[in-house]
Amino acid sequence: MTGILLAILAAVTWGSIVFVSNKLGGDEDSQTLGTTVGALIFAIGVYFYKMPHLSSVTWAIGFISGLFWCIGQKNQFGAVRYLGVAKTAPMSTGLQLIGTTFFGVFIFKEWGTTKSIIIGLAALACIITGAILTSIKQGNDKGQAKSRKKGFLILLISTVGYVTYVVLIRWFNIDGWAAILPQAIGMVAGAFFITLRDKPYNIYAVRNILTGLLWSTGNLGLLLALPKIGVATSFSLSQTGIVISTIGGLFFLNERKSKKQVWLVLLGCLFIIIGGVLLGFTKT
C-alpha cells in the first residue's frame, strides 16, 4: 500500500507541474529557472540525508542528464504559450512515452517476449490515438495553424530533451539516489545558460521554486516506489498525473473552447493513460 501511495504521489506532483507553474506566472525562462533552483534545494537536502557515493561518472552523466532535462522543461513551458496547458500536458506525455519506449525496445531490448511485443504495440497505438485526439483542430480554431505548428515543434524539442535525460541514466546504470544532486546542478547550470540573454531574475522565478520542489518530490516518490511495487505498477501510476494539468487547463485556466474540444482532450488523456499502463506491463 505504501508503494502505491508513493507512485500516486509522483503522479500528482508531476501532473501538477505545468498547471501550477502557469498559475504562479512568468514566462518559460523564469519558470525554468525557478524550477531548477527548487530542484537543487531539494537535491541538497536528499544528499545529506542519504549520503550516496558519487563517482566521477555519476557526476558527469548526472550533470549532462540535468542539462537535457532543462532543455525538455523549458520547451514544455514554452509550448504552453502556443498550445495551452490542456493540450501540452497529454501531448508531451504521449511523445515522451513513445520516445522512451523506442529506446527501451531497440537499444535496451526490453521487449523480450511475444506477449510484451503485443502489449507494447497496443500501448503505442493507444498513445498515438490519444495524442491525435488532444491535438485535433477545432472549427473555432481558424487562424491558429501557425501557432499550433510552432507549439508542436517546440514540444518535439522538449521531448528530445526529456528522453535523453532518462536514457542517459539508464544507459550508464546510474543509481537514482546518486543521480539526484548531479542532475540538479546540471539543471540549474542549464537554466542559467539558456535563459542568460533574457535575465529572468524576477519574482516569478522565485515563485516557481515551488514547481521545482513539486517535481523533486515526484521524482523521489517514484524512486522509493520502485523497490516496493516494481517498475510496472509504479511506472504506470506515475503517468496518470496528466489528468490534473489537462483538467486544470480546461476548467481552471479557461482554455476550453467547445464541448467537443473538452471531450476530445479528455478522451485523448484516457487513451494515453491506458497506453502508459500497458507499457508498464511490458517492463515486468
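The values are calculated or read from the model by the stated rules, or taken from the named source; none is laboratory data. On a predicted model such as this, the values are computed, not experimentally measured, just so you know. All Cβ positions, glycine included, derive from the backbone under ideal geometry; neighbour counts span all protein chains shown. Calculation scope for accessible area: heavy atoms of the full protein, side chains included, ligands and nucleic acids excluded. Shrake-Rupley method; radii C 1.70, N 1.55, O 1.52, S 1.80 Å.
Of the accessible area of segment 1-132, with the probe set at 1.4 angstrom, what percent is carbon plus sulfur? Kindly include the intermediate steps, with their values, before the conclusion.
Values: 4060 of 5630 Å².
Its accessible area is 72 percent carbon and sulfur atoms.
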What is the magnitude of the charge dipole of the chain about its Cα centre, with +1 placed on the Cβ of each Lys and Arg, -1 on the Cβ of each Asp and Glu, and no other charges, expressed in debye to the nearest 20?
800 debye
Segment 97-186: chymotrypsin sites (Phe, Trp or Tyr not before Pro) in DSSP coil with no more than 10 other Cβ atoms inside 10 Å
none
Unit charges at the beta carbon, dipole of the chain: most positive-side option, Gly280, Leu224, Thr58:
Gly280
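For Lys260 and Ala125, calculate 0.36 nm times their separation in residues minus their Cα-Cα distance, and state this gained length in nm to one decimal. Present the calculation step by step, with values, prior to reporting the outcome.
On the way: separation 135, 0.36 × 135 = 48.60 nm, distance 2.22 nm.
Going from the current span to full extension adds 46.4 nm.
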So which trypsin sites (Lys or Arg not before Pro) in segment 134-228 are both in a DSSP loop and have at most 13 other Cβ atoms within 10 Å of their Cβ?
Lys137, Lys142, Arg197
Rounded to whole angstrom, the alpha-carbon centroid of segment 109-131 lies from that of segment 77-106 at a distance of 17 Å
With point charges of +1 on the Cβ of Lys and Arg and -1 on the Cβ of Asp and Glu, referenced to the Cα centre of the chain, which listed residue (Asn254, Pro182, Ile194) lies farthest in the positive direction of the dipole?
Asn254
All aspartates and glutamates inside 16 Å of Lys199 as judged from Cα atoms, apart from same-chain residues fewer than 8 positions distant
Asp27, Glu28, Asp29
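How large a share of the accessible area of segment 143-282, in percent, is made up of carbon and sulfur atoms when the probe is 1.4 Å and the other protein chains stay in place?
On the way: 4840 of 6890 Å².
Looking at segment 143-282 in its full context, I get 70 percent from C and S.
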Given Thr36, Asn75, Leu6, which one lies farthest toward the positive end of the charge dipole of segment 1-105, if we put +1 on the Cβ of every Lys and Arg and -1 on the Cβ of every Asp and Glu?
Leu6
Can you work out the accessible area per residue across segment 73-218, with the rest of the protein chains kept in place, probe 1.4 Å, in square angstrom?
48 Å²
Please build a GNM for the chain, connecting alpha carbons under 10 Å apart, and tell me which residue among Ile118, Ile98, Ile154 fluctuates the most.
Ile118
Phi-based couplings in Hz for segment 111-118 (Karplus 6.51, -1.76, 1.60; Gly and Pro marked x)
9, x, 10, 4, 4, 5, 5, 4
Given that just one value was derived from the coordinates, which of [x] 141; [y] 165; [z] 122 is volume of the Cα convex hull per residue in Å³?
[z]
So how far apart, in nm, are the two label points at Ile136 and Val160 if each is 7 Å from Cα heading toward Cβ?
3.1 nm
